[in-house]
Amino acid sequence: MPAQYDAVVIGAGIIGTAIAFALSKNGWHTLVADPQPGAGQGATSSSLAMVRTQYSTREGTALAWEGFHCWQDWSAFLDLDTDEPIAPFHPAGVLTFKTPNNGFLKHQLEFSRELGIPYEEWPLSKLQRTFPDWDLNTFGPPVLSDNPRFGTNSKEELRSVFFPKGGYCPDPQLAAHNLQRAAQQHHAEFRFGCAAQAIHADNGRVTGVTLSNGEKISCQIVVNAAGPHAEAISALAGLAQAHKIKTRVIQHETVHVRCPQAASADHTPIMLYDTDIGSYVRADTGENILIGSVGAQDEVELPVDPDDFDRNLSTQAIEPLYRLAQRIPTLGIPNTLSGVADLWDVSDDWIPIYDRTDLAGFYVAIGTSGNQFKTAPAVGELMTALINACENGKDHDHEPVTFRLTRTGHTIALDFFSRNRQPNPASSLSVLG
């Protein structure tokens, strides 16, 4: 006889474990299945786990602001009754610049004012005092190093904005494990080393799941939070390419170098999203930093097969490092790169899909890579509210569910994350969201 659960969550990354935690707290008897040996051991483990609030849409901004309130007191959010290690959260402000390619932050600052998110517009004098070794001219729009315009600055001064409420989690895998333990505290169960092999339905409704270990599960709902394998899971449910908004799997790369000049003069922790040069930076151990790309002219996506993936850095990985050297001229370029290559699951407009589907009881939390780690705690609650509404008869496709962000007091309409939306023209179409 199949084992009985209310909900099966497929995927134990930061999104899947957050959903399992919220569902189990809400009384759903939940099972989480993942082919990895433990929580957060897939793409989550390679996340830079940077928590920021500047998004190109109000909904993305509001959700990130809610997420920040969870991360800043991670222990209280989890409310674990054990003394096991808790993933640290390092507060760090976010420095970014007003550039043509972000609309000079017009909308981001409007959203921040509306939502009560603090920010400071820094004069050039403060920027110079904070980062005395930086070249504070403009170089944008970002281009690759073989472009004739590379390294040419306009002699125009950067206009900077500092968001003090941010930070990062240096151990994202432990954060996912924390969510696993918090979910188990509310009687959720986990099957590691087990992939979903089949999804069963009857009369247009999910009835269960078969796992790769042969275990058959009977359940009311299934949540696809499988990250880079999400499309394959949807295919098991007969929903391959069924949504207007599609997802794709691409390679993302992070480079690790020593750069003491990236630190602020007084060593106040500051993360950098430099849209003028197209690179982002956060501190790592010692005087080391991690560098990634926010996009540049002629930069190409690297599509990959999630089941056949080369984890070596590509030749393109050095480009955001070259671009950062425009800002920090003393930055040394190593002969051999070190860093991480992993998978991202992104949507057509880089905005996630949090939705029901055409198969009753089958829900998706997909297209989340790159910019949703910070929102994960709130996403668990969002998906639980959506599931509760739909399972109690709400026609979300025609009467969208409204979700209240309890810590900040704001609301968002969840059709913003619909599987059948038109690609959002306000999106940055990048990791910035």
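Quick notes on this structure:
- The residue list ALA317, ALA378, ALA325, ALA365 contains one member that is surrounded by 19 or more Cβ atoms within 10 Å (Cβ to Cβ) and in a strand (DSSP E or B), which is ALA365.
- Unique residue being in the same structural domain as VAL257 (by TED's automatic domain parsing) and either part of a loop (DSSP other than H, G, I, E, B) or touching a Leu at 6+ places or on another chain (Cβ under 8 Å) (or both) when the list is THR330, THR384, THR408: THR330
- Contact map, segment 195-210: residues that are farther than 16 Å from GLU391 by Cβ paired with residues that are outside any strand (DSSP E or B) and among the small types (Gly, Ala, Ser), Cβ distance under 7 Å, separation 6+ or inter-chain. Pairs shown: ALA195/SER212; GLN197/SER212; ILE199/ALA237.
- Filter pass, PHE139 being part of a loop (DSSP other than H, G, I, E, B) and surrounded by 20 or more Cβ atoms within 10 Å (Cβ to Cβ): yes
- Residues of segment 104-136 satisfying the condition of being buried (at least 19 other Cβ atoms within 10 Å of the Cβ), over 22 Å from ALA325 (Cβ atoms) and aliphatic (A, V, I, L, M): LEU105, ILE117
- Residue tally, condition in contact with a helix residue (DSSP H, G or I) (Cβ under 9 Å, 6 or more places away or on another chain) and in a strand (DSSP E or B), over segment 190-203: 5
- Residue, surrounded by the fewest Cβ atoms within 10 Å (Cβ to Cβ), within segment 386-405, restricted to residues that are touching a residue at least 24 places away in the same chain (Cβ under 8 Å) and under 28 Å from ILE117 (Cα atoms): LEU405
- The number of residues in segment 310-336 being more than 22 Å from the chain's Cα centre (by Cα), basic (Lys, Arg) and more than 14 Å from VAL257 (Cβ to Cβ) comes to 0.
Let's see how each residue does on (1) touching a Pro at 6+ places or on another chain (Cβ under 8 Å); (2) surrounded by fewer than 16 Cβ atoms within 10 Å (Cβ to Cβ):
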site: VAL209; (1), (2): no, no
site: ASN213; (1), (2): no, yes
site: LYS216; (1), (2): yes, yes
site: ALA225; (1), (2): no, no
site: GLY238; (1), (2): no, yes
site: HIS243; (1), (2): no, no
site: ARG248; (1), (2): yes, yes
site: CYS259; (1), (2): no, no
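The values are calculated or read from the model by the stated rules, or taken from the named source; none is laboratory data. Given the structure is predicted, the values throughout are model-derived calculations rather than measurements. Glycine also receives a Cβ, built like all others from the backbone with ideal geometry; neighbour counts cover every protein chain displayed.
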